[in-house]
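Participant: Pasting a structure here, questions to come.
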Amino acid sequence: MASVTQDTPVGRRLRHIKHIIIVCSGKGGVGKSSVSTQLALSLYASSPTARVAILDVDLTGPSIPRMLGLDGHPVHQSSDGWVPVYADGSEARLSCMSVGFLLKKKEDSVVWRGPKKNAMIRQFLGDVRWGELDYLVIDTPPGTSDEHLSLIEHMAPVRDRLSAVIVTTPQAVALLDAMKCLSFTRAVNLPVLGLIENMSGYVCPCCGEISNVFSTGGGQEMARREGLKFLGSLPVDTELVTLLDAAEVSESQAQDEAREGASFKILSRYKNTSTAPLFSKIVEEALQSLQNHTSDPSLSSS
Ligand SMILES: Nc1ncnc2c1ncn2[C@@H]1O[C@H](COP(=O)(O)OP(=O)(O)OP(=O)(O)O)[C@@H](O)[C@H]1O
Ligand code: SF4
């Protein structure tokens, strides 16, 4: 078979990235963007030198800027392409790019046909100054759409670095859609690091106890049946909603953040949620899976 050349604008940009993790879900609203955000934050926190970026290709519903507290940030154009927005200020180890940064007002909508979406994705991959990265996390729209096909097509020169994580909720209808997502990954030969079951139970805001309001365990069962790794489950956590919806912070939180001196406010708030330790365990499992896929001995979650 003829080998794919790396010498495309996208190939030239992305060859400095070690691992590219595509986060997908069959159904909308299951928490794919919040999982992408938590994945990027946890990978960033996993080592003081980890360089991580998050690319939001959910073009019609970009939510990553809001979840990272970056709404309204401008994107600068340099002679070497777009400069991504840094979520950690001068440390510049956690960068982000989203169509949300390009809209005049955050409530503006993107109504584009397939070819325009395809061109935007090519531009995001090839024209952003990603630099050297350990991980690029890509948040995708729900289902398997033009955006997914464009991603796979444009990233052909770096195919060996691609993998996916599938997010589902425990309900039967979401699991059915997660199966469609899995069959897409199989059709395009995309290795799956594992499955995450989100909104599995509910964290009591009073005592922190996790109760099973709806069914749970469907994701784990699907993973077992399909020979996928089950990365873990995340409960509904009201603290996380407040954080990801970028609600106002209390005065004491603001003081703590100011004391830390970091412009990276979201991470310090995120570290205190009850889902953060659960998510670091998920990242440990995902990195182990990544290691099995790539035989990269340098991968470690500690
Ligand atoms: N484990 C959780 N606990 C509490 N809230 C959550 C959790 N996961 C997601 N949410 C909230 O649910 C809402 C939908 O989540 P999110 O936007 O991540 O879903 P999505 O699958 O990306 O949606 P879309 O289909 O719009 O792309 C958000 O307000 C988010 O903060
Ligand atoms: S889990 Fe405990 S504290 Fe929370 S609502 Fe139920 S009984 Fe009350």
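Participant: Quick one: would you say D245 is acidic (D, E), loosely packed, with under 14 Cβ neighbours inside 10 Å, modelled with pLDDT under 95 and within 15 Å of ligand 1 (Cβ to nearest atom)?
Facilitator: Yes: the conditions hold for D245.
Participant: Just for the stretch 48-63: of the residues that are farther than 22 Å from L151 by Cα and in contact (Cβ under 8 Å) with a residue 40 or more places away in the chain, which one is farthest from the chain's Cα centre (by Cα)?
Facilitator: Taking the candidates together, the pick is T49.
Participant: Among residues belonging to the stretch 22-35 that are of a type outside the set (D, E, K, R) and in contact with a helix residue (DSSP H, G or I) (Cβ under 7 Å, 6 or more places away or on another chain), point out the one that is nearest to ligand 2 (Cβ to nearest atom).
Facilitator: S34
Participant: Could you please tell me which pairs satisfy a Cβ distance under 8 Å, a separation of 6+ or placement on different chains, a first residue in the stretch 125-143 that is within 20 Å of S34 (Cα to Cα), and a second residue that is within 16 Å of ligand 2 (Cβ to nearest atom) and at pLDDT 95 or above?
Facilitator: Listed pairs, sorted by first residue: none to list.
Participant: Let me ask something else about it. Quick check on the stretch 199-224: of everything there that is within 12 Å of ligand 1 (Cβ to nearest atom) and not β-branched (V, I, T), which residue is surrounded by the fewest Cβ atoms within 10 Å (Cβ to Cβ)?
Facilitator: Filtering the stretch 199-224 for residues that are within 12 Å of ligand 1 (Cβ to nearest atom) and not β-branched (V, I, T), the one surrounded by the fewest Cβ atoms within 10 Å (Cβ to Cβ) comes out as P205.
Participant: Here's something else I'd like to know. If I go through the stretch 180-213 residue by residue, how many of them are over 30 Å from V158 (Cβ atoms) and either assigned to a helix (DSSP H, G or I) or among the aromatic types (F, W, Y) (or both)? Don't jump to the end; show me each part of the working.
Facilitator: Here is the first cut: in the stretch 180-213, the residues over 30 Å from V158 (Cβ atoms) are 199-213.
Within this subset, residues satisfying the condition of being either assigned to a helix (DSSP H, G or I) or among the aromatic types (F, W, Y) (or both) are 202.
Adding up the residues that qualify gives 1.
Participant: I've got another one for you. Check every one of the strands (runs of 3 or more DSSP E) wholly within the stretch 27-128 and list those with 2 or more residues that are aliphatic (A, V, I, L, M) and within 25 Å of R12 (Cβ to Cβ). Walk me through it before giving the result.
Facilitator: Values: elements: 52-56, 76-78, 81-83, 94-98.
Counting at least 2 such residues, we get 52-56, 94-98.
Participant: Mind listing whichever residues of the stretch 214-231 are touching a residue at least 60 places away in the same chain (Cβ under 8 Å) and part of a strand (DSSP E or B)?
Facilitator: L231
The values are calculated or read from the model by the stated rules, or taken from the named source; none is laboratory data. A quick note: this is a predicted structure, and the numbers were derived from the prediction, not measured. Every residue, glycine among them, receives a Cβ derived from its backbone with ideal geometry; neighbour counts consider all protein chains shown.
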